[in-house]
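Laboratory data are not the source of any read-out in this text; all were calculated from the coordinates shown. Bear in mind the structure is a predicted one, so any value in this text is a computation, not a measurement. Here the Cβ is made from the backbone with ideal geometry for all residues, glycine too, and neighbour counts use every protein chain on show.
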Amino acid sequence: MMPERANVTLNVGGDDLGIPFLTRSMLDLWVHALHGSNPFLIVGRTDDDRRFIQTYRNAPAAFTLQYRDGAEADVMSTEVDAPGAVADLIWDWVHDDRTRLDRLAWENAF
């Protein structure tokens, strides 16, 4: 079972929230609420600012999901069609569980 919260950096819609942790309920709320001119959510590692996962909401049921696992790693990208699935994948990444992430077709973002 995964912990109920994780120490991360957070940026929602271009705003660094200054909240040093993430809970699953916070993640679900923010992913479902992404809209407007800057519908981004970025979650980063507190121990390595070059490791992050982020999503951009393209449409109500269309998200771009990207992650990077360090300075030498490429930014990998995929498309996801449901906010609940995006939240699941981000939560898995935060907890180093690659099971669902590895099932997706990823491509280099650049």
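For this structure, a couple of remarks:
- Computed from the alpha carbon atoms alone, the convex hull of region 70-110 holds 80 Å³ per residue.
- For the chain, modelled as a GNM whose springs connect Cα atoms under 10 angstrom apart, the maximal fluctuation among R51, R98, R68 occurs at R98.
- By other beta-carbon atoms within 10 Å, ranking T99, T64 with the fewest at the front produces T99, T64.
- Between A82 and D49, residue separation times 0.36 nm minus the direct Cα-Cα distance comes to 9.2 nm.
- Computed [θ] at 222 nm, helices only, for the chain once each DSSP H run of length n ≥ 4 contributes -39500 (n - 2.57): -6000 deg cm²/dmol
- Computed from Cα atoms alone, the Kirkwood hydrodynamic radius reported for the chain is 13.9 Å.
- Across the alpha-carbon set of region 46-99, the Rg to Rh ratio works out to 0.98, Rh being the Kirkwood radius.
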